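The structure appears below as structure tokens.
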Amino acid sequence: MRRRSLLLSVPAGLVTLAACGNDKAASGTTDDSPSPSPSPSATSAAPPPKIVSGPLPAVTAGTGFGQKPTVAKGSGEPSKDLAVKTLIAGSGRTLAENDYVQAHYLGQIWDTGKVFDNSYDRKTPLLIQLAQGTIIDGWRYALAGKKVGSRVQFSVPPTWGYGTQGNAQAGIKGTDTLVFVVDVQNAFNATSSAKGKAVAPSDAALPKVGTNTDGKAPSIQVPKKAAPNKLVADYVIEGDGPAVKADSTVLVQYKGVVWDTGKEFDSTYARHAPTSFSLQQVVKGWSQGMTGKKVGSRVLIVIPPSLGYGDNPPPNSGLTKDSTMVFSVDILAAM
């Protein structure tokens, strides 16, 4: 599946930078046919909205969690505030600012009832971050404090949507109030880890990766041996989720060290946040090593220079042109 326009920010970390052998630079998106997803306008400086309970149009069909809803056209004038209602209360983790959320959703225009986008027809939930600059503010404020497993309906005035410029591609005018129904399927933050069964190492000549699942960075012990000249991608913890595809966008926690020195050169744990990117944006060792692995897993990936940065490692990265990279990667989600 192509990367949706929802995730616009360039992910932090070395693996997405100007990958050797990859003809696509890390532009932050590879989607050449973006959807009218609730990606933000150029700037978002509106004050926090007042949250009210209505009015909201009725959901007339598809009322179960995970079912594609049918929503009536708005009646009368919509609220100038952010109207939010929990239609189904979940019991999972509570959402907070900067969390990554996996959700199905439908969006339509209040006045006309026109559906401008929905993920149900794509049969793949979207992976979004509740952070300023990555999603319209209406989503950030409406979903904060809700629990995984919830269905939430809300209406978003232009102030916390696309502003007075609207979104011409989606047919949204600068005066349109938007109505969303969102099924929150999962959520992830800096403490998220792999979930599955530990797999015994098959080769003592390979690095040993810790199996802790407490959200802290696992240890990586590199043996005093020559680095392999071929890609290694082995389970440390095997999850039970769907297999990652070659064109998937993934959400991961990872730590990278240099084979020769064991020195850490990159880590999402150090940044206190997981990161999301398309496997079409990364060095070949990552894209090849991740493809086919199950969501929920921790994977040891050893990348020789030919599948990493070759003769052009990123400046000031701690990598040289002959560096073999060793990664521990927790695959939290994929789309």
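Since every read-out is calculated from the coordinates, none of them should be taken as a lab result. For clarity, every value in this text was computed on a predicted model and none was experimentally measured. Quick reminder, even Gly has a Cβ in these numbers, built from the backbone with ideal geometry, and neighbours come from all protein chains shown.
Taking the Cα centre as origin and putting +1 on Lys and Arg beta-carbons and -1 on Asp and Glu beta-carbons, what dipole magnitude results for the chain, to the nearest 20 debye?
On the way: 34 positive and 25 negative charges, 104 e Å.
Dipole of the chain, to the nearest 20 debye: 500 debye.
Please report, in whole Å³, the volume per residue of the convex hull around the C-alpha atoms of segment 135-291. Walk me through the numbers before you get to the answer.
Values: hull volume 24.6 nm³, N = 157.
Value for segment 135-291: 157 Å³ per residue.
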How much length would be gained if the chain were fully extended between Thr70 and Ala190, taking 0.36 nm per residue of separation minus their Cα-Cα distance, in nm to one decimal? 39.7 nm
Given R₀ = 51 Å, what would the calculated FRET efficiency be for Ile88 paired with Lys263, taking r from the Cβ atoms and rounding to 0.05? 0.60
Segment 166-199-segment 51-76 distance, computed between alpha-carbon centres (Å): 18 Å
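Taking segment 195-230, which trypsin sites (Lys or Arg not before Pro) meet the DSSP loop condition and have no more than 14 other C-beta atoms within 10 Å? It would help to have the intermediate numbers written out before the result.
Numbers: sites: Lys195, Lys197, Lys208, Lys216, Lys224, Lys225, Lys230; in loops: Lys195, Lys216, Lys224, Lys225, Lys230.
Sites meeting the loop and neighbour criteria: Lys216, Lys224, Lys225, Lys230.
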With the Cα gyration tensor of segment 45-104 giving a ≥ b ≥ c as the square roots of its eigenvalues, does the rule (a/c under 1.5 for rounded; else a/b larger than b/c for prolate; else oblate) give rounded, prolate or oblate? oblate
Rounded to whole Å, give me the distance from the Cα center of segment 211-245 to that of segment 106-130. 36 Å
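Counting Lys and Arg as +1 and Asp and Glu as -1, each charge on the Cβ, what is the dipole of segment 197-334 about the Cα centre in debye, to the nearest 20? Display every interim value, and only then the final one.
Values: 15 positive and 12 negative charges, 23 e Å.
Charge dipole, segment 197-334, about its Cα centre: 120 debye, nearest 20.
Take every DSSP beta bridge with both residues inside segment 162-307 and express the antiparallel ones as a percent of the total, to the nearest 5. Before the final figure, lay out each step's value.
Numbers: 18 of 18 bridges.
Here the share of antiparallel DSSP bridges comes out near 100 percent.
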Skipping prolines and chain starts, which residues have an amide H placed within reach, meaning under 5 Å, of the one on Gln185, given they are 5 or more residues away or on another chain? Gln102, Ala103, His104, Gly149
Note: His272 to Lys216 extended length (0.36 nm per residue) minus current alpha-carbon separation gives 19.2 nm
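What pairs in Lys50/Lys123; Lys80/Lys146; Lys123/Lys255; Lys68/Lys146; Lys147/Lys197 have C-alpha atoms more than 29 Å from each other? Intermediate values should be presented prior to the final figure.
Working: Lys50/Lys123 33 Å; Lys80/Lys146 22 Å; Lys123/Lys255 31 Å; Lys68/Lys146 20 Å; Lys147/Lys197 27 Å.
From the list (Lys50/Lys123; Lys80/Lys146; Lys123/Lys255; Lys68/Lys146; Lys147/Lys197), the Cα-Cα distance tops 29 Å for Lys50/Lys123; Lys123/Lys255.
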Within a Gaussian network of the chain (alpha carbon springs, distance under 10 Å), most fluctuating of Ser155, Ser202, Ser119: Ser202
Quick one: Karplus J couplings for segment 144-159, per residue in order, coefficients 6.51, -1.76, 1.60, θ = phi - 60°, nearest Hz, x for Gly and Pro? 4, x, 7, 10, 4, x, 8, 10, 10, 10, 7, 10, 10, x, x, 4
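What relative contact order, as a whole-number percentage, does the chain give when Cα pairs under 8 Å and 6 or more residues apart are counted? Write down the numbers at each step before the final one.
On the way: 844 pairs, mean separation 63.5, N = 335.
It comes to 19 percent, rounded to a whole number.
Pull out a ≥ b ≥ c, the square roots of the eigenvalues of the alpha-carbon gyration tensor of the chain, then state rounded if a/c is under 1.5, prolate if not and a/b is larger than b/c, and oblate in the remaining case. Show your work: numbers first, answer last.
Details: a/c = 2.56, a/b = 2.03, b/c = 1.26.
Judged from the Cα gyration tensor, the chain comes out prolate (a/c at least 1.5, a/b above b/c).
Would you mind getting me the FRET efficiency between Ala246 and Ala61? Use the beta-carbon distance for r and R0 = 51 Å, nearest 0.05. Write down the numbers at each step before the final one.
Values: r = 36 Å, r/R0 = 0.71.
With R0 = 51 Å, the Cβ-Cβ based efficiency is 0.90.
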With label points set 7 Å from each Cα along the Cα-to-Cβ direction at Gln132 and Thr320, the distance between them in nm comes to 4.4 nm
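Assign one of three labels to segment 35-188, namely rounded, prolate or oblate, based on the Cα gyration tensor with a ≥ b ≥ c the square roots of its eigenvalues; rounded applies when a/c is under 1.5, prolate when it is not and a/b is larger than b/c, and oblate otherwise. Walk me through the numbers on the way to the answer.
On the way: a/c = 1.35, a/b = 1.13, b/c = 1.19.
The shape class here is rounded.
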Considering only DSSP beta bridges with both partners in the chain, what is the antiparallel share in %, to the nearest 5? 95 percent
In the Gaussian network model of the chain, springs joining C-alpha atoms below 10 Å, which of Ala198, Ala61, Ala144 carries the largest mean-square fluctuation? Ala61
Rounded FRET efficiency, nearest 0.05, which uses the C-beta distance separating Arg122 from Gln165 and R0 of 25 Å: 0.45
Going residue by residue through segment 99-111, the Karplus relation 6.51 cos²θ - 1.76 cosθ + 1.60 with θ = phi - 60° gives ³J(HN,Hα) values, rounded to whole Hz and with x marking Gly or Pro, of 5, 8, 10, 9, 8, 8, 7, 9, x, 9, 8, 4, 5
